[in-house]
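Notes for the one structure printed next.
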Amino acid sequence: MPAHIFSVLVEDCPGVLSRVTGLFSRRGFNIESLAVGHSEQPDTSRITIVVSGNDTQIEQVKKQLNKLIEVIKVLDISEAEHVERELALVKVKAEPGAGRSEIMQVAGIFRAKIIDVGSDSLVVEVTGDSGKIAAIEDLLRPYGIIELVRTGKIALQRGSAMAAQGK
């Protein structure tokens, strides 16, 4: 089943995230990725949800999302022209010496940043599509990944199309 990226503009109020994710849960969807943050409009947030399902299931959940009072707009942007990114922070074992410089070279190739240097570790920040994040993770794994956190996808439609206009 293909992955669908929902961009859901909601009123910024307590419980709205729970109601939106609960709707997916009750219908048997596994949320593959979830990101939430304030939007360009005051008192609103944008929820980006990635789920897999067939067209009938996706259309049904979209209609049910639109029925929620706090939901302002729902878009399935997966088939539209869009940009998507993910952020990852990776803490890697890095003893001073050759291993540390190799990790720094890998980070440079991926245009990642070293954002923290410890006596025996480095924290690497990388942004990009899921494939880029997976690729740098694979290259850093042999050095010893101590901790890893990924944000999940965030996405916007390209061009002048806006996700924030009406239901």
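The values are calculated or read from the model by the stated rules, or taken from the named source; none is laboratory data. Note that the coordinates shown come from a computational prediction; the quantities given were computed from them, not determined experimentally. FYI the Cβ positions are ideal-geometry reconstructions off the backbone, even for glycines, and counts take in every protein chain you see.
Some observations on this one:
- Residues in region 66-117 that are touching a Gly at 6+ places or on another chain (Cβ under 6 Å) and among the aliphatic types (A, V, I, L, M): there are none.
- Whichever residue in region 86-99 is out of contact with any helix residue (DSSP H, G or I) (no Cβ under 9 Å at 6 or more places or on another chain) and of a type outside the set (A, V, I, L, M) and, among such residues, is surrounded by the fewest Cβ atoms within 10 Å (Cβ to Cβ): G97
- Candidate set: region 1-15, residues that are surrounded by fewer than 18 Cβ atoms within 10 Å (Cβ to Cβ) and touching a residue at least 60 places away in the same chain (Cβ under 8 Å); chosen: the one nearest to the chain's Cα centre (by Cα): A3
- Answer from R100, R85 - the residue that is among the basic types (K, R) and in a helix (DSSP H, G or I): R100
- Selection of region 108-167 for residues being modelled with pLDDT of 95 or more, hydrophobic (A, V, I, L, M, F, W, C), part of a strand (DSSP E or B) and crowded, with 16+ Cβ neighbours inside 10 Å yields I114, L122, V123, V124, V126.
- Against the numbered list (1) at pLDDT 95 or above; (2) among the hydroxyl-bearing types (S, T, Y); (3) within 21 Å of E137 (Cα to Cα), T48 comes up short only at (3).
- When E95, E40, E79, E59 are screened for being assigned to a loop (DSSP other than H, G, I, E, B), acidic (D, E) and free of Cβ contacts under 8 Å to residues at least 24 places away in the same chain, only E79 passes.
- Only one of K153, K67 that is under 17 Å from A35 (Cα atoms) and among the charged types (D, E, K, R): K153
- Among the conditions (1) surrounded by 13 or more Cβ atoms within 10 Å (Cβ to Cβ); (2) closer than 30 Å to V126 by Cβ; (3) of a type in the set (V, I, T), V61 misses just one, which is (2).
- As a summary of the residue check, S18 satisfies the conditions (1) surrounded by 15 or more Cβ atoms within 10 Å (Cβ to Cβ); (2) assigned to a helix (DSSP H, G or I) except for the one numbered (1).
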